[in-house]
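First up is the structure itself, then whatever we jot down about it.
Rule-based calculations on the coordinates, nothing more; no lab input. Since the structure is predicted, the reported quantities are computational estimates derived from the model, not experimental observations. Backbone-built Cβ (ideal geometry, glycine too); neighbour counts: all protein chains shown.
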Amino acid sequence: MPAYGRRDYLRRTGIAATTGMLGLTAGCLGDDDQIDLVIGGGGSGTNTYQKALVYQQIMNDHSDSINITVQETGGTVASYRLYDEGDIDFFSTTDYEYMASQAQEDAYEEDTIQNPPYQGFASGGVRLFAVAREDTDIDTYDDLAGANVWPMWPDASTRYVCRNYFQAIGLWDEMNVVDVAADDIAGATAEGEIDALILNDTINQGEGDDILAGYVTETDARVDLKALEMSDDQRETIQEETGRDVPMTDLSLFEQDLGMDEVPGVLVWYVKYFGVHLEEDVVYELVTTLNEHADVFKDSDAIGPGFEDPEELAAGILPDYPVHPGFAQALQEWDAWEDDWEEGEVRDRE
């Protein structure tokens, strides 16, 4: 996806800027201070956008100091660009995508992020696993060599994850990668254009069951599928080469019998990343207010973190990168801070 700025985004989508909408005072909160924060909400209608609306509701209803505006973006890369250009203050992406931006890989190889954000709370997780059409001879990951495979849609942050772990087990260059939008995957698979695909469940960290994304349930309804076997060596290699957990994933959410009760699924966390310019007390108030009003999130339709459980909020932290000092302060007060984690320092965006 090409990088583009706010003016390009507004021109493409026809959204008019509202005067003052993007104003931010990143100074410390005083008795009468009012801070306006802009969160990158991802695409309209996504779970990321739904969660952002709940954050907005909680903060606007229960904080005297922080107002949140949700801005729709074109996805992860667009959110990064808008943040780096000073147009949004925090946003969500996968921990994999965060590592890619830090390592200046993929979309960030030539156009690097000048102000890498700090880690915040986990806002959800997914587990990725492979299935194939029932009428194929594909039964294992090794059988994917030479097959037409859909490893998530091209602009998804999870596409980077899939490529990363398929490279680790030597299959990425052996597969015929098919680029299809998520909304079209069920039809393309039903018509035989795709032999195998990567699907995911969505982890509900709060109360309630894990769920399947809409495109997964549609594929489940339209195509006879079977789960693929990952060898122990492949599972260990993915864990060693990528540093990712590969827990067993329950397949009972599917309406059909996939031939196995559970399969290894590559775990990916979605994390809220906070701007380096946001003062410690601003982020501290944000996360503690969300924690105090966790019941509002539970009662919403969004799937995501159990805000009442600090360990769940800290689930996506990577020890090699800094945590925002405001979130760090909250974790320390909740006795959920690990000694090997690094605390970032507030500074102006360049």
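Annotations for the structure displayed:
- For the pair residue 295 and residue 112, label points projected 7 Å from Cα toward Cβ lie 4.9 nm apart.
- For region 126-268: rounded, prolate or oblate by the Cα gyration tensor [a/c cutoff 1.5]: rounded
- Estimated 222 nm signal from helices in the chain, with DSSP H stretches of n ≥ 4 weighted -39500 (n - 2.57), rounded to 500: -9000 deg cm²/dmol
- Working from label points 7 Å from Cα in the Cα-to-Cβ sense, the residue 334 to residue 135 distance is 5.0 nm.
- Build a GNM of the chain with springs between Cα atoms under 10 Å apart, and of 297, 91, 121 the one that fluctuates most is 297.
- Packing-based exposure ordering (other Cβ within 10 Å, fewest first) of 83, 141: 141, 83
- Within straight-line cross-link reach of residue 51, lysines at Cα separation under 26 Å, skipping those fewer than 8 residues along the same chain: 272, 298
- For a label point 7 Å along the Cα-to-beta-carbon line of residue 142, residues of region 218-241 with backbone N under 19 Å: 227-239
- ³J(HN,Hα) computed for each position of region 328-339 - Karplus, 6.51 cos²θ - 1.76 cosθ + 1.60, integer Hz, glycine/proline x: 4, 4, 5, 4, 5, 5, 8, 6, 10, 8, 9, 5
- Taking 0.36 nm per residue of separation and subtracting the current Cα-Cα distance, fully stretching the chain between residue 311 and residue 103 would add 72.2 nm.
- The chain: most fluctuating residue of 89, 233, 201 per GNM, C-alpha cutoff 10 Å: 233
- If you run the Gaussian network model on the chain, springs between alpha carbon atoms under 10 Å, then out of 228, 251, 313 the most flexible one is 251.
- Helix 157-168 vs. the chain, principal-axis angle (Cα, 0 to 90°, nearest 10): 50 degrees
- Cα centroid of region 247-324 to Cα centroid of region 36-78, whole Å: 16 Å
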